[in-house]
Amino acid sequence: MAGASEKEANQRTEQANELGLRRLITRHREGESDLRTWMQDRLQEIRDHDRDRLVLWLPVGFAFGAGATCSVRADDPALVWVILTCLALSIWLSCSLMAQRSSDQSRAKAVYALGLLSLFAAASLGGGASGLLRAEAAKAPRVSDVKTPYLVTGYVEQIDRTQRGTWRAKIVVETLSHTRLEAQPKSVRVALAQDEPPKPGQKVRCQAILRPPPGPVVPGAYDHARRAWFQGLGGVGYALRPCAVIEASPALTQSIQFRLALWRAQAARSIVEATDSDGGGFLAAVTTGDRAWLSEADVEALQASGLSHVISVSGLHVGLLGGLIYLVIWKLAALVPALSLRLDARKIAAVIALCGTGAYCVFTGAEAPAVRAFIMSAIAFGAILLNRKAISMRGLAIAAICVLVALPESAIDPGFQMSFLATAALVALWEIWERRQEGPPEIGPLQRAAIWLGGAAATSVVAGLATAPISAATFGRVSIWSLPANLLAAPILDFWVAPFSALAASLAPFGLDDWAWQAAASGLSVMLKIAHWIAALP
């Protein structure tokens, strides 16, 4: 009986360890402080329960390395970083093999810890190598003569507005006066001297004053020259007279990019023309990523109120679009017995939603937040196809690695940092909620409303706390009233703007979309009023 009781006790202990519910008993060790004892117990807990989550620190190490070589270590040779990365990976493999073959448990743990440090070092060094290789690949000439006007001929790649409201064009340079061919920059950005801008893809000839992209205004501030370097931007300036449009077809490799930019500009213009409220420019920015029609006053109000994340096409937009497509297709497929009895309606909806979010990401310009959101959605929908967990930290880590490998300079971009920090905080909140959810399966409408309001408040608080340090360090501001602003704006965006925008996009091919765009813009007009009201608070 005694042996059976001991066996049952051991089984209960093992089950508690597997479920992560083992209670740590802080023992007072002679000669050790309570803080040291507490730290040792917590480290033991990490080793016992969160060992498989240590891999989530790899994108953090990769980002540190990429950020270092894109800024303070930009002159290092890339080959040295590549060699060091291979050396660190070799040490990690050696330590892993030694830890598996070692019979001494204490020695195996020490070797295993050394291997983890080597793996983290390899990630950091690999990020550094990636940043240096990307910086070398983006290397391009810059303009040098800042006094003599240039005659620029090239193709319009992008149209936006300056802070003064005038049109501005990014031009892919074909020829540049009094400049040798090998010294010509890839592209320049010119403030236009005309009321109606040229369209993306058109060939133009402009006489303009150009200068190299400026550096930070004060030491440690945002470096526009660094961003321009990775964009291939070799000069900025202003046109002395209206640019002349030359009818010509761009090369096939460029025409696809220009065609997407043209569609994006045309869609934004059509949305603005279809709406007669002040939310039209806001709606164009939210749906297409084109901010040219959004006024500077509205941008300032959105930033001060903590609602600026709505402007950037990111996880909010891709998540709403993907979730809406998934829900509609799932319910429609379930209504067709011949289809739903043979195939899983959820998987059909996941495939269609994945294609829709991918097309939307490409259409809006495929910026880093949108790419991150698409990768996250691809992992989530792929998990549905494979019957796995859709939302996880591993998915976010994979998305971060993919974005950083393609665009290492994103590591020092505030938008990238705030986007991933907010998403990581929300995924962590979801994991806590998923573990502790013990409510009844059937709840009433009042309880659903209370849960929704509580969830909206929690997500706003968590995302705000996660991004506040980056906002304070980069922009010198923290949105004090962001919680009430997001609580007021979230239902408008989720239940008003998003459904009418999706409906308008569906009706656009038939020419029946104007009323739906107007309805969506009216919702964003209300959101702008909330933003201006919150921004005016002390």
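Do any trypsin sites (Lys or Arg not before Pro) in region 280-368 lie in a DSSP loop with no more than 15 other beta carbon atoms within 10 Å, and if so, which?
On the way: sites: R291, K331, R342, R346, K347; in loops: R291, R342.
Those that pass, being in a loop and sparsely packed, are R342.
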(request) For region 506-515, just list the computed ³J(HN,Hα) in residue order, Karplus coefficients 6.51, -1.76 and 1.60, θ = phi - 60°, integers in Hz, with x standing in for Gly and Pro. (result) 6, 8, 4, x, 9, x, 10, 9, 4, 5
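In nm, what is the difference between 0.36 nm times the number of residues separating L79 and S295 and their Cα-Cα distance? It would help to have the intermediate numbers written out before the result.
Values: separation 216, 0.36 × 216 = 77.76 nm, distance 4.64 nm.
Full extension of this stretch gives 73.1 nm more.
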(message) Can you list residues from other chains, or at least 5 along the same chain, whose modelled amide H is less than 5 Å from the amide H of S71?
(response) none
(request) Find which of G455, A123, L89 sits farthest along the positive direction of the dipole of the chain, computed with +1 on the beta-carbon of Lys and Arg, -1 on that of Asp and Glu, about the Cα centre. (result) L89
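Counting only protein heavy atoms and using a 1.4 Å probe, what share of the accessible area of region 439-538 belongs to carbon plus sulfur, as a whole percent?
On the way: 4130 of 5550 Å².
Whole-percent figure for carbon plus sulfur exposure: 74.
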(request) Measure off, as a whole percent, the carbon and sulfur share of the 1.4 Å-probe accessible area of region 264-423, all protein chains present. (result) 68 percent
(message) Loop only by DSSP, 12 or fewer other Cβ within 10 Å of the Cβ. Give me the trypsin sites (Lys or Arg not before Pro) in region 384-422 that pass, ordered by residue number.
(response) R388
(request) Give the angle, between 0 and 90 degrees and rounded to the nearest 10, that separates the Cα long axis of helix 345-363 from the longest principal axis of the Cα atoms of the chain. (result) 40 degrees
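Tell me, what % of the accessible area of region 121-260 is carbon and sulfur with a 1.4 angstrom probe? Can you show the working numbers first?
Working: 3970 of 7400 Å².
Answer for region 121-260 is 54 percent, counting heavy atoms of protein chains only.
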(message) Could you tell me how many cubic angstrom of Cα convex hull volume region 39-182 has per residue?
(response) 208 Å³
(message) Can you give me the angle between helix 252-274 and the longest principal axis of the chain, using Cα atoms only, in degrees from 0 to 90, rounded to the nearest 10?
(response) 90 degrees
(message) Give the residue list of trypsin sites (Lys or Arg not before Pro) in region 64-128 that are DSSP loop and have at most 15 other beta-carbon atoms within 10 angstrom.
(response) R73
(message) Residue by residue through region 471-482, what is 3J(HN,Hα) from phi via Karplus (6.51 cos²θ - 1.76 cosθ + 1.60, θ = phi - 60°)? Round to whole Hz and write x for glycine and proline.
(response) 4, 5, 6, 8, 9, x, 8, 9, 7, 5, 9, 5
(request) Hey, can you grab everything whose amide H is under 5 Å from the amide H of V236? Only 5+ residues off in sequence or another chain; H modelled, so Pro and N-termini drop out. (result) R189, R211
(request) Over region 476-538, calculate the relative contact order: mean separation of alpha carbon pairs under 8 Å at least 6 apart, over the residue count, as a percent. (result) 37 percent
(request) Please get the size of the charge dipole for the chain, origin at its Cα centre, with Cβ charges of +1 on Lys and Arg and -1 on Asp and Glu, quoted in debye to the nearest 20. (result) 780 debye
(request) Return the sequence-ordered ³J(HN,Hα) values of region 173-189 in whole Hz as given by the Karplus equation 6.51 cos²θ - 1.76 cosθ + 1.60 applied to θ = phi - 60°, using x for Gly and Pro. (result) 6, 9, 9, 9, 4, 6, 9, 5, 4, 6, 9, 6, x, 5, 8, 9, 10
(message) Relative contact order of the chain, please, whole-number percent, based on alpha carbon pairs below 8 angstrom and at least 6 residues apart.
(response) 12 percent
(message) Can you match semi-axes √(5λ) of the Cα gyration tensor in Å to one of these, [x] 46, 33, 23; [y] 73, 21, 19; [z] 37, 28, 24, based on a calculation from the structure here?
(response) [x]
(message) I need the peptides 257-263, 94-100, 144-150, 322-328 ranked by packing, meaning the mean over residues of other C-beta atoms within 10 angstrom, with the highest value on top.
(response) 322-328, 257-263, 94-100, 144-150
(request) May I ask which residue of A399, L133, A472 lies farthest towards the positive end of the charge dipole of the chain, with charges of +1 (Lys, Arg) and -1 (Asp, Glu) on Cβ and the Cα centre as origin? (result) L133
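What is region 461-533 by shape, rounded, prolate or oblate, if you read a ≥ b ≥ c off the alpha carbon gyration tensor as root eigenvalues and call it rounded for a/c under 1.5, prolate for a/b larger than b/c, and oblate otherwise?
Working: a/c = 2.99, a/b = 2.53, b/c = 1.18.
Prolate.
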(message) With angles folded into 0 to 90 degrees, how steeply does helix 58-69 sit against the dominant principal axis of the chain? Use alpha carbons for both and round to 10.
(response) 40 degrees
(request) Set Lys and Arg Cβ to +1 and Asp and Glu Cβ to -1, take the dipole of region 271-316 about its Cα centre, and tell me which of V310, A297, A284 lies farthest positive. (result) V310
(request) Compute the accessible area per residue over the chain, keeping the other protein chains in place, probe 1.4 Å, unit Å². (result) 56 Å²
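The values are calculated or read from the model by the stated rules, or taken from the named source; none is laboratory data. None of these values were measured; they are calculated from a predicted model. Counting neighbours? That spans all protein chains shown, and the Cβs are built from the backbone with ideal geometry, glycine included. Accessible surface areas use protein heavy atoms only, side chains included; no ligands, DNA or RNA. Shrake-Rupley method; radii C 1.70, N 1.55, O 1.52, S 1.80 Å.
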